[in-house]
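Here is the structure we will look at, set down as structure tokens.
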Amino acid sequence: MEKDTATAATATAAARVCRRCKAKYSPSDNTPRSCRFHPSFFVCRRHDDQKRYYELKDGDPPYAAKFYDCCGAEDPDAAGCATGFHLSYDDPE
């Protein structure tokens, strides 16, 4: 029983949190497609292409377009548009 507890504690200690997608991961299972994230910020401004129409909420000024600058996704909870390795908060930037 004590061996199982020690193994579980070791596995928990090895788990890390990704600073890109905020998911918990094991470094041994980290692959080039493990993390799905947005490489840019969710912004509130007019889109550069001037061709898209955005749903505005009550009280938003007419120029307030909200989207991810990298891919144009308008939902702040949209799945990431890029993949890569998970990066831990402990990893150098």
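Modelled label-to-label distance, Asp58 and Cys44, 7 Å Cα→beta-carbon offset: nm?
1.7
What is the extension gain from Ser88 to Thr31, computed as 0.36 nm multiplied by their sequence separation minus the C-alpha to C-alpha distance, in nm to one decimal?
My answer for the length gained is 19.2 nm.
Once phi is turned into ³J(HN,Hα) by the Karplus curve 6.51 cos²θ - 1.76 cosθ + 1.60 with θ = phi - 60°, what whole-Hz value does each residue of the stretch 74-89 show in order, with x for glycine and proline?
8, 9, x, 9, 4, 4, x, 9, 10, 10, x, 5, 5, 10, 7, 5
List the residues, sorted by chain then number, that are 5 or more residues from Ser88 or on another chain and whose placed amide H is less than 5 Å from its amide H.
Here the answer is Arg19, since their amide H atoms fall under 5 Å of that of Ser88.
Here, each number is a calculation from the coordinates, and none is a lab measurement. This structure is a prediction, so every number in the text was calculated from the model and none was measured. Cβ: placed from backbone, ideal geometry, glycine included. Neighbour counts: every protein chain shown.
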